[in-house]
Amino acid sequence: MTIERRRGEWIVEALAMQLDQPRSGTVTLAQRLYAPLRDWIQRGELTAGEALPSSRRLARALGIGRNTVLAAMDRLVAEGFVEARQGSGLRVAELGPLPVAPPAATAFDAPPLSDRGQRLLDFCAMVSRGHRAFVPGVPALDLLPRERWQRLLRRHRQRSPTDWLDYRSQGGLPALKAALCDYLRLSRSVRCRPEQILITQGAQQGFELIARLLADAGDTAWLEEPGYGGVQACFAMAGLAMQPVPVDAAGLDPERAAGPSPRLIYVTPSHQYPLGVTLSLHRRLALLKAAERHGAWLIEDDYDSEFRYTSAPLASLQGLAEGAPVIYVGTFSKVLYPGLRLGYLVLPEGLVEVFRRANARLHREGQYVVQAALAEFIEAGDFARHVARMRGVYRQRQVWLRQALAPAVVQGLDLSSGHAGMHLVARLDSLDEERRLVEAGDAAGVTLSPLSRYYLGPARQPGLVLGYAGSDEAEIAHAGGWLSRAWLDLQSR
């Protein structure tokens with residue numbers, strides 16, 4: 001079939017669908033044939049010189065009278081949209097650029113978002129998009145051992161049993177849970193058995209399960225202030241009353257919490273996000289006591305504890321006390337890559353079965369091939385080698401960022417210690433200074449993430465969250481040099 005013939009079939013089918021639509025009693029059949037043809041010509045979907053199906057073919061295919069078709073075509077010819085060519089029938093005329101008419105108003109308007117949906121959008125503000133050097137939380141994607149990883153995926157895909165294609169409700173592949181259990185007990189002093197681990201599609205899914213299963217709408221949750229926006233959004237959508245608790249140099253301070261007793265307490269003890277401080281042992285013990293006193297669950301988000309540069313990784317909060325009401329949350333997004341979409345919960349014994357059942361019902365389970373590949377990646381030592389390599393890479397990339405910002409630091413720009421993690425915080429003097437730098441970054445194509453965005457309440461400390469892990473030396477030098485000059489320029493005004 002020729003291209004012209006295929007296009008003719010498309011026109012006939014499209015017109016048939018148009019004529020099948022309900023119509024007003026005042027609109028004639030000829031008008032209903034004419035209107036879509038004109039619209040397609042104006043939008044360029046029918047191009048100059050393109051042949052239209054003959055009137056006989058249209059009448060026969062659409063089941064309408066030929067005079068009706070001729071009336072529609074005559075109007076298109078009269079208005080200059082179509083021209084009759086000797087020996088080749090009707091073809092679209094050469095019109096040049098045409099303004100496209102706005103879509104006609106309809107009686108149906110899209111319904112507004114729910115109040116919950118509108119609130120969710122408040123947490124969806126994006127950082128400026130441009131140069132990637134300062135995007136927080138992005139690992140060195142170019143340094144993932146991709147050939148080794150792809151070989152593992154291919155092998156497990158070829159060997160995968162048929163039942164991995166079915167609905168699963170095990171809470172994750174047993175081999176991955178066993179490998180994770182060994183890793184967490186040795187590296188993070190987590191107290192667990194493999195059966196206590198639930199594999200999720202990222203940490204965010206874990207937070208959602210916790211909020212749904214352990215708290216009701218209106219219950220209070222303590223959150224770090226400033227803190228992680230993903231948890232803020234999740235708890236807001238669960239209808240929880242979020243109580244921001246100030247973070248200082250020793251981490252979240254439970255003595256400064258106000259309001260009703262919490263049902264959930266969320267912390268990032270190893271490396272607070274975004275300020276980067278470590279929760280002191282005194283505060284850890286105080287939080288455990290507070291959780292026991294209030295009958296609350298502690299949520300320990302251990303998102304990047306592997307990357308410490310001045311000391312060994314600290315023991316987990318979960319491992320401090322036997323039987324403590326702590327849910328340990330981990331992810332592979334930072335240590336491997338975000339697109340892996342795998343995280344996990346380490347649950348107290350009494351929660352394992354209910355979380356497994358709820359996860360299977362709400363989210364299903366999947367990616368067992370990927371889980372099998374990851375289990376072997378851990379068991380074979382590839383994971384530990386990759387972590388060790390990235391620790392050295394990120395330490396060096398932080399050095400490059402500090403060098404790029406050195407002219408500003410000499411003049412007073414205050415940077416966080418950088419003893420751990422994948423970002424630094426540049427503290428600023430005012431929200432106006434923060435806003436002006438972010439706007440200048442937008443104009444220059446440099447990504448800047450304002451610290452004020454991480455506060456639930458009024459921001460007490462303006463600043464910039466500067467990711468460095470996902471960029472090479474040239475990218476860091478470019479963006480860091482620009483920021484240093486921009487900050488110095490503001491100080492001279």
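Within the stretch 414-449, if we keep just the residues that are in contact (Cβ under 8 Å) with a residue 24 or more places away in the chain and in a strand (DSSP E or B), the residue that is nearest to Ala312 (Cα to Cα) turns out to be Ala420.
If you check every pair at least six apart or on different chains, which have Cβ atoms under 6 Å apart with a residue in the stretch 457-479 that is under 22 Å from Met242 (Cβ atoms) first and a residue that is among the aliphatic types (A, V, I, L, M) and assigned to a loop (DSSP other than H, G, I, E, B) second? As it stands, the answer is Pro462/Leu428; Gly463/Leu428, since those pairs meet every condition given.
Tell me, please, whether a residue that is within 20 Å of the chain's Cα centre (by Cα), at pLDDT 80 or above and under 23 Å from Tyr303 (Cα atoms) can be found in the stretch 102-121. Yes: one or more hits. Within the option set Leu46, Leu52, Leu58, being more than 47 Å from the chain's Cα centre (by Cα) and modelled with pLDDT of 85 or more holds for one residue only, Leu58.
Look at (1) farther than 18 Å from Tyr344 by Cα; (2) in contact with a Phe, Trp or Tyr (Cβ under 9 Å, 6 or more places away or on another chain); (3) modelled with pLDDT under 95 and you find that Ala296 fails only one, number (3). Which ones in the stretch 352-383 are part of a helix (DSSP H, G or I) and without any contact (Cβ under 8 Å) to a residue 40 or more places away in the chain? Scanning the stretch 352-383 gives Glu353, Arg361. Would it be correct to say that Pro348 is buried (at least 23 other Cβ atoms within 10 Å of the Cβ) and modelled with pLDDT of 95 or more? Criteria not met by Pro348. Selection within the stretch 183-211: residues that are charged (D, E, K, R) and modelled with pLDDT of 95 or more. The member of this set that is surrounded by the most Cβ atoms within 10 Å (Cβ to Cβ) is Glu208. Considered as a group, the residues in the stretch 450-477 that are part of a helix (DSSP H, G or I) and of a type outside the set (A, V, I, L, M, F, W, C) include one that is surrounded by the fewest Cβ atoms within 10 Å (Cβ to Cβ), and that residue is Glu473. Per the conditions (1) crowded, with 17+ Cβ neighbours inside 10 Å; (2) outside any loop (DSSP other than H, G, I, E, B), the sole criterion not satisfied by Gln18 is (1). Here Gln196, Gln201, Gln170 are screened, and the one residue that is in the same structural domain as Glu349 (by TED's automatic domain parsing), over 21 Å from Phe383 (Cβ atoms) and of a type outside the set (D, E, K, R) is Gln170. Exactly one residue out of Asp248, Asp304 is surrounded by fewer than 15 Cβ atoms within 10 Å (Cβ to Cβ), within 29 Å of the chain's Cα centre (by Cα) and either at pLDDT 95 or above or not assigned by TED's automatic domain parsing to the domain that holds Gly467 (or both): that is Asp248.
The values are calculated or read from the model by the stated rules, or taken from the named source; none is laboratory data. Keep in mind the model is a prediction, meaning the values are calculated, not measured. So basically every Cβ, Gly included, is an ideal-geometry build from the backbone, and we count neighbours across all protein chains shown.
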